[in-house]
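See structure below.
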Amino acid sequence: MVPGSIANIKDARDAQCKKVQVQEVTAVANPLRTKSVTAKVTEGEYQQLEAVAKAREMTLSDWCREVLLAGLNSGGAPQVDSAQIASPDMAILTELLGVRMLLLNLLYPIGRGESLTAEKLQTVVSRADAEKLSAAIECLEQNAKRRN
């Protein structure tokens with residue numbers, strides 16, 4: 001054996017191991033899944049979701065994806081169309097729900113005796129702005145379900 005050939009063999013083996021590791025990582029990652037969907041849940045709800053996923057021998061992420069896509073494919077998607085969203089009535093409902101969110105999220109800490117900082121106020125306003133349209137859509141959908 002030539003001195004140094006063991007090192008060359010070891011380097012070649014290490015290179016092969018690295019290739020295998022890279023291949024394993026790329027095989028696991030799905031390049032088509034680049035977006036995330038999140039939801040806030042309570043600790044109790046989270047435990048229930050975990051239990052259901054575990055009972056089906058799935059990760060929580062996989063189970064949630066499956067349920068979301070099943071709802072989408074079965075027509076469980078929102079039934080509010082773009083004309084309804086653009087209507088003046090929808091604008092009024094959206095702003096009304098935004099003001100309601102502001103009041104509830106500001107009065108609750110004040111009622112507990114907490115001080116209201118500019119940062120807290122901005123956080124509450126930003127959250128209301130971000131969530132008011134989805135709250136209005138949900139309100140319309142619930143109203144439509146009650147009518148049917």
### Task
Grab the Cα-Cα distance for SER115 and LYS40, subtract it from 0.36 nm times how many residues apart they are, and report the gain in nm with one decimal.
24.5 nm
### Task
Sort GLU57, GLU138 so that the residue with the fewest other Cβ atoms within 10 Å of its own Cβ comes first and the one with the most comes last.
GLU57, GLU138
### Query
Reported to two decimal places, what Rg/Rh ratio describes segment 92-148 when computed on Cα atoms with Rh from the Kirkwood expression?
1.12
### Query
Between ALA86 and ALA70, what length comes free when the chain is fully extended (0.36 nm per residue of separation minus the Cα-Cα distance, one decimal in nm)?
2.9 nm
### Task
Sort LYS132, LYS120, LYS145, LYS40 so that the residue with the fewest other Cβ atoms within 10 Å of its own Cβ comes first and the one with the most comes last.
LYS40, LYS145, LYS120, LYS132
### Query
Got a sec? How would GLU43, GLU114 order by Cβ neighbour count within 10 Å, fewest to most?
GLU43, GLU114
### Task
Excluding GLU66 itself, calculate the net charge of residues whose Cβ lies under 15 Å from the Cβ of GLU66, where each Lys or Arg counts +1 and each Asp or Glu counts -1.
+1
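Every number here is computed from the coordinates shown, using simple stated rules; none is lab data. Just so we're clear, the structure is a prediction, and the values are computed from it rather than from any experiment. Backbone-built Cβ (ideal geometry, glycine too); neighbour counts: all protein chains shown.
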